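Computed from the coordinates by the stated procedures, all read-outs in this text should not be read as laboratory data. Quantities reported herein were computed from a predicted structural model and do not represent experimental measurements. With ideal geometry, Cβ positions are generated from the backbone for all residues, glycine too; neighbour counts draw on all protein chains shown.
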Amino acid sequence: MVPPVIIGQAVASEILLVGQAPGDKEGDLGRPFAWTAGKTLFKWFDSIGVGEHDFRQQVYMSAVCRCFPGKNPKGGDRVPGKQEIETCSQWINNEIQLVQPKLIIPVGKLAISQYLPVNKLVDVVGQKFQQNIHGVELEIIPLPHPSGASTWHRMSPGKELLAQALALLRQHDSWKKLQKINRKG
């Protein structure tokens, strides 16, 4: 893992977004989803009524691992290993207990797999799940990773499942509250 630790603002929120780990640009920029994948992610959220600035100000953003895992010698970012995930899990577990979210949005297969059994994204994206995590009753709406390297969310059935997931987010009470706050501001 390559420092610095990157997390979003500490805000009281009914929504917790969980990514995999920061990319190589996020350390310099000091915030999660600050580069190419973030641009795509925030386009998705903007399409359902919440822009990037408002999202960052009002949603607790975290990650499975807090530091950039480094580059994969074969290209792209290295996926965090089992021990790294286990070491960092105390942070996200504590955040869930402190924040008490009503909705978790895990982004990408690694983040999704921390909360749901997932063999393939088609098995979970486009659905809503009820869970009790560390004594917190909440709902989970998984999203695919918005990486430019991934074509999953741009081709069938991923494109349609992403649209279903975004529709579920738009209809969720916590998302509606977020939109209402943004209309007042």
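Here are a few things to note about the model shown:
- Condition met for Glu95 (charged (D, E, K, R), part of a helix (DSSP H, G or I) and without any contact (Cβ under 8 Å) to a residue 60 or more places away in the chain): no
- Within the range 1-38, the set of residues being surrounded by 13 or more Cβ atoms within 10 Å (Cβ to Cβ) and without any contact (Cβ under 8 Å) to a residue 12 or more places away in the chain comprises Lys25, Leu29, Ala34.
- Set Val118, Val99, Val125: member being in contact with a Phe, Trp or Tyr (Cβ under 6 Å, 6 or more places away or on another chain), surrounded by 14 or more Cβ atoms within 10 Å (Cβ to Cβ) and of a type in the set (A, V, I, L, M, F, W, C): Val99
- Checklist (1) over 23 Å from Ala10 (Cβ atoms); (2) in a loop (DSSP other than H, G, I, E, B) applied to Pro101, failing item: (1)
- Only a single criterion out of (1) at positive phi; (2) surrounded by 13 or more Cβ atoms within 10 Å (Cβ to Cβ); (3) out of contact with any helix residue (DSSP H, G or I) (no Cβ under 6 Å at 6 or more places or on another chain) is not satisfied by Gly49, namely (3).
Yes/no per residue for (1) touching a strand residue (DSSP E or B) at 6+ places or on another chain (Cβ under 7 Å); (2) polar (S, T, N, Q); (3) more than 22 Å from Arg66 (Cβ to Cβ):
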{"position": "Ile92", "(1), (2), (3)": "yes, no, no"}
{"position": "Gln100", "(1), (2), (3)": "yes, yes, no"}
{"position": "Leu103", "(1), (2), (3)": "yes, no, no"}
{"position": "Ala111", "(1), (2), (3)": "yes, no, no"}
{"position": "Val125", "(1), (2), (3)": "yes, no, yes"}
{"position": "Pro142", "(1), (2), (3)": "yes, no, no"}
